[in-house]
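A short write-up of the structure that comes next.
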Amino acid sequence: MHKIIYIVLMALAPSIGNAALSREACAMTLGSSQFMEVDQSAVDACVTESEQKDKEESANRQKLINSRIASKSKKVFLQNFSIGYMDSLGGVRVDAIISNPNKTSAIKYLQIKATPFNAVGDKVRSDINGVSTTDLLFTGPLKFEAEDFEESWSRVWYSPSITCIHVERIVVEFMNGRVMTMAGKTLNDALGGKIAKDCRAKEAG
């Protein structure tokens, strides 16, 4: 097998192209000293793998950007709303990702009315206070151009049987005083694709 000597001259790095730097980095990884002897085929494989990973990461970043742009254009306020964690006492933490698709004003408050369900599609009441449907409040401000905001509410209910959370309504108050209430069709448009639209049990078959 052919061998090639890679001599690392970091002082020359500014004059070396991106591909050369990539090969140099691979040679340094595969070798054991600054003046190293490594298999050319191994370096080639390392470079190919590195370039493939870069392409995949770039594609994933673009998908995320496109998703956010699409969500803004579709007036999606709630990208995600789900059970984030359940502690040993059955305390349920709810996680959400909130967006502001409104160009004219920042979100001041966003209130989510939500109901928990179990695996067979029945509403669940908290073991502690008997509450089922409850309101969760997000406090802004959240501007249109801002990144999606990750919010969470701890111990919203206490019940180990909760498997699904249904959003009943969203009320948004903007900094300019406007209030928007979303339910029914307008609510579906405001929810991201990963949010459960129906917590009722599906019959087998």
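The values are calculated or read from the model by the stated rules, or taken from the named source; none is laboratory data. All values derive from a computational prediction rather than experimental measurement. Note that each Cβ is placed from the backbone with ideal geometry, even for glycine, and that neighbours are counted across all protein chains shown.
Picking from residues in segment 60-81 that are more than 12 Å from the chain's Cα centre (by Cα) and at pLDDT 75 or above, the one that is surrounded by the most Cβ atoms within 10 Å (Cβ to Cβ) is Phe77. Yes or no: Glu51 at pLDDT 70 or above, charged (D, E, K, R) and under 16 Å from the mean Cα position of the chain (by Cα)? So Glu51 fails the test.
Sort out which residues of segment 146-162 are within 30 Å of Ser105 (Cβ to Cβ) and touching a strand residue (DSSP E or B) at 6+ places or on another chain (Cβ under 6 Å), and write them in order of number. If you could, list the steps in order and put the result at the bottom.
Just the residues of segment 146-162 that are within 30 Å of Ser105 (Cβ to Cβ), to begin with: 146-154, 156.
Matches in segment 146-162: Asp148, Phe149, Glu150, Glu151, Ser152, Trp153, Ser154, Val156.
Every condition in (1) farther than 22 Å from Ser88 by Cβ; (2) touching a Lys or Arg at 6+ places or on another chain (Cβ under 7 Å); (3) not in a strand (DSSP E or B) is met by Thr115 except one, and the failing one is (3). Does any residue of segment 14-35 turn out to be modelled with pLDDT under 80, buried (at least 17 other Cβ atoms within 10 Å of the Cβ), among the polar types (S, T, N, Q) and more than 30 Å from Asp135 (Cα to Cα)? Yes, segment 14-35 contains at least one residue that is modelled with pLDDT under 80, buried (at least 17 other Cβ atoms within 10 Å of the Cβ), among the polar types (S, T, N, Q) and more than 30 Å from Asp135 (Cα to Cα).
Please verify whether segment 148-155 includes one or more residues that are at positive phi, surrounded by 12 or more Cβ atoms within 10 Å (Cβ to Cβ), touching a residue at least 40 places away in the same chain (Cβ under 8 Å) and in the same structural domain as Ile98 (by TED's automatic domain parsing). It would help to see each step written out before you state the result.
Here is the first cut: in segment 148-155, the residues at positive phi are 155.
Right, trim to surrounded by 12 or more Cβ atoms within 10 Å (Cβ to Cβ) and you get 155.
With touching a residue at least 40 places away in the same chain (Cβ under 8 Å) added as a condition, the list becomes 155.
Those left that are additionally in the same structural domain as Ile98 (by TED's automatic domain parsing): 155.
Among the residues of segment 148-155, at least one is at positive phi, surrounded by 12 or more Cβ atoms within 10 Å (Cβ to Cβ), touching a residue at least 40 places away in the same chain (Cβ under 8 Å) and in the same structural domain as Ile98 (by TED's automatic domain parsing), which makes the answer yes.
Scanning segment 156-175 for residues that are more than 17 Å from Lys103 (Cβ to Cβ), in contact (Cβ under 8 Å) with a residue 60 or more places away in the chain and not hydrophobic (A, V, I, L, M, F, W, C) gives Tyr158, Ser159, Pro160, Thr163. Going by the conditions given, is Asp135 out of contact with any helix residue (DSSP H, G or I) (no Cβ under 8 Å at 6 or more places or on another chain), assigned to a strand (DSSP E or B) and closer than 20 Å to Ile83 by Cβ? Yes. Of all the criteria given as (1) among the small types (Gly, Ala, Ser); (2) surrounded by 14 or more Cβ atoms within 10 Å (Cβ to Cβ); (3) within 22 Å of Lys197 (Cβ to Cβ), the one not satisfied by Gly140 is (3). For first residues located in segment 182-200 and under 12 Å from Glu168 (Cβ atoms), partners that are among the basic types (Lys, Arg) and at pLDDT 80 or above and lie 6+ apart or on another chain with Cβ distances below 6 Å form the pairs Ala183/Arg169.
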